[in-house]
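One structure is given below, encoded as structure tokens.
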Amino acid sequence: SGNVTNAQMQQFMENSFAWLTQRDDLKTNTFKVAIAHLDESYYFKDESSVRTWLDAHYPGKVSYNVANSCDDAQLATCIAANPDLLIISQIANAGSDVAAIAASVKTALQQGIPVLYVHHDGGLTALGEKLLPLFNVTYQWDNYWKKLGLKAFDVTSTLGKLPDNIRTIQTMLTHFKA
């Protein structure tokens with residue numbers, strides 16, 4: 001919503017959509033989005049917020065499924081329809097087969113369908129545990145109590161540097177090679 005984002009964040013999201021879809025014509029040509037497993041609870045209006053954002057930023061150009069119609073077993077059907085983008089979070093329904101959902105997301109990735117994962121809240125659910133490895137992402141912890149943040153972080157300061165745990169592996173491999 002407008003009270004928690006700024007122009008830079010809006011531009012970042014639009015750039016992300018263009019990069020994920022490999023299209024620079026999203027404002028002028030139609031595209032399809034499949035939306036699955038987003039929350040619509042009292043505190044987390046993810047489903048409706050995503051739809052509102054899409055409509056506001058791509059008016060008349062974006063189409064998407066009816067709410068919850070791509071959840072669970074229906075996700076495979078939505079992926080078979082070859083959307084331009086899949087948006088999914090870690091919210092499963094009661095009785096969801098999280099392994100089957102993850103398998104459908106893996107199929108989407110294998111078919112070249114880009115996936116935008118929206119992490120719900122701070123914890124990790126059973127579905128999140130299955131999805132994050134597909135994106136080569138490792139969950140660390142919830143930042144709710146720690147309240148860590150970044151201000152003016154320069155990513156270039158980390159280029160060419162390895163974390164200690166990786167550096168030790170590199171050293172070991174270098175010794176084996178020698």
message: Looking only at region 102-134, how many residues end up being part of a helix (DSSP H, G or I) and either touching a residue at least 60 places away in the same chain (Cβ under 8 Å) or surrounded by 11 or more Cβ atoms within 10 Å (Cβ to Cβ) (or both)?
response: 17
- request: For region 79-91, indicate whether the set of residues that are modelled with pLDDT of 95 or more, surrounded by fewer than 17 Cβ atoms within 10 Å (Cβ to Cβ) and touching a helix residue (DSSP H, G or I) at 6+ places or on another chain (Cβ under 6 Å) is non-empty.
  value: no
message: Here is a check on your reading of the model: is residue 1 at pLDDT below 95 and either surrounded by fewer than 16 Cβ atoms within 10 Å (Cβ to Cβ) or not hydroxyl-bearing (Ser, Thr, Tyr) (or both)?
response: yes
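Per-residue answers, yes or no, for (1) surrounded by 13 or more Cβ atoms within 10 Å (Cβ to Cβ); (2) under 20 Å from residue 97 (Cβ atoms):
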{"site": "8", "(1), (2)": "no, no"}
{"site": "35", "(1), (2)": "yes, yes"}
{"site": "50", "(1), (2)": "yes, no"}
{"site": "58", "(1), (2)": "yes, no"}
{"site": "70", "(1), (2)": "yes, yes"}
{"site": "75", "(1), (2)": "yes, yes"}
task: State yes or no: is residue 148 without any contact (Cβ under 8 Å) to a residue 24 or more places away in the chain, open to solvent by 80 Å² or more (accessible area, probe 1.4 Å) and more than 21 Å from residue 40 (Cα to Cα)?
output: yes
statement: Those residues of region 23-47 which are free of Cβ contacts under 8 Å to residues at least 12 places away in the same chain and either at positive phi or hydroxyl-bearing (Ser, Thr, Tyr) (or both) amount to 41, 42, 43
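The values are calculated or read from the model by the stated rules, or taken from the named source; none is laboratory data. Worth saying up front: this structure is predicted, and the values here are computed from it rather than measured. Positions of Cβ are backbone-derived with ideal geometry, glycine not excepted, and every protein chain shown enters the neighbour counts. Note: accessible area is taken over every heavy atom of the protein model, side chains too, but ligands, DNA and RNA are not part of it. Shrake-Rupley method; radii C 1.70, N 1.55, O 1.52, S 1.80 Å.
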